């Protein structure tokens, strides 16, 4: 659904621009750039398609940024833009695309019947995960019965069910051959949970430990990822260099030296490395028990702006160039939180199988973390990334980090 909506929105935006301006090149580039922009701002995520307010906000931001980008591009290329006609096109676009998206979502909900699963497994073992999948999918997946099966019970239940969810593989093995002989669709809980929740609940790894151990053993750094890291780090340093200089001067004026904050953090395979960023906090009142506990009280005036905009992270492009970090990956933890997490969060070590990143899956999907429970949830998002990492997922995270900056997700 989201992919289809993005394509339709891009085509509609291009069509509206062409109708008003009669400029093929402008309309084509606007449609493409607008499509990338609404993807970056997660305009077509299912949750956002439910709300007209979200649609108006995100489409509005996307259209403004698209217009600014194309204005700058056409100015550099010395192409003329018919600004008044473009303005009228955008005014027409702003209400039409949100209305279309909300209408498409309503049509989809009415036309698609929910998938009803017969669940093989004990309800008490996976009840919380199952309930969350049901809620997160907004009724797309329903779980009608849980069975601790015998062949006779499964045969009878398959008469009224076309989908089976395996929540306990050992129980499933007792009836696997019988299920294969019938025309039922079998889904495994790890696949469905990851697809809907976009994270890997730790209790799910407990339940399917052998499967996840094999999957995490396959994880390795990619040569393509390193090439993207080098290119991205060079571009990032060039773009951010003036901002780093200006921010450094403001820090010096407000609070003196040092401008660069240095700290030992934990990298790939648990190896410590020197982490750097622009200093945004005063050094006094540091709490070693919980370093994040009083950030707001210790923040410099300029530091608050740098943290909100993530400009303070810009020096880490140098660490990416050196190979200590990646553009995308789990964030490197302080030693204090690393020890706390290692001792209290099962499977935490799996998140160390790839280089830490400037941005990551947890950063665009979860809030800033301070408590152990929040670190558990953040680890679940990190493990999803570790298991499912791909070049396309990395590009998605990089693009959607823009949305996290605008909506200040994960920043303090």
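Based on the Kirkwood approach, the hydrodynamic radius assigned to region 115-197 is 12.7 Å, with every pair of different Cα atoms included.
For the chain, the Kirkwood hydrodynamic radius from C-alpha pairs, put into Stokes-Einstein at 25 °C and a viscosity of 0.890 mPa s, yields a diffusion coefficient of 101 µm² per second.
Taking every Cα-Cα distance in region 172-248 and sorting them into 5 Å bins from zero, the calculated P(r) comes out as 3, 10, 12, 12, 11, 12, 9, 8, 8, 6, 3, 3, 2, 1 percent.
A convex hull fitted around the alpha carbon atoms of region 302-412 yields 101 Å³ per residue. Label sites at residue 170 and residue 32, each approximated as a point 7 angstrom past Cα along Cα to Cβ, lie 5.6 nm apart. Within the listed set 66, 160, 391, the Gaussian network model of the chain (springs between alpha-carbon atoms below 10 Å) gives the highest mean-square fluctuation for 160. For the options 368, 338, 182, a Gaussian network treatment of the chain with springs between C-alpha atoms closer than 10 Å singles out 182 as fluctuating the most.
Largest mean-square fluctuation among 242, 330, 356, in a Gaussian network model of the chain whose springs join Cα atoms under 10 Å apart, belongs to 242. The convex hull of the Cα atoms of region 237-339, projected and averaged over all directions, covers 6.7 nm². For region 2-111, the Kirkwood hydrodynamic radius comes to 13.9 Å, computed from all pairs of different C-alpha atoms. Residue separation of residue 136 and residue 209 scaled by 0.36 nm, minus their Cα-Cα distance, works out to 23.9 nm of gained length. Quick one: check the C-alpha center-to-center distance for region 316-361 versus region 103-166, whole angstrom. After rounding, the separation between the Cα centres reads 36 Å. Which whole-percent values make up P(r) of region 223-406 when all C-alpha to C-alpha distances are grouped in 5 Å steps starting at zero? Pair shares across the bins are 1, 8, 16, 21, 22, 18, 10, 4, 1. Over all orientations, region 217-271 has a Cα convex hull whose mean projected area works out to 5.6 square nanometres.
Where a number appears in this text, it was derived from the coordinates with a stated rule and is not lab data. Note that the coordinates shown come from a computational prediction; the quantities given were computed from them, not determined experimentally. We place every Cβ from the backbone using ideal geometry, glycine too, and count neighbours over all the protein chains shown.
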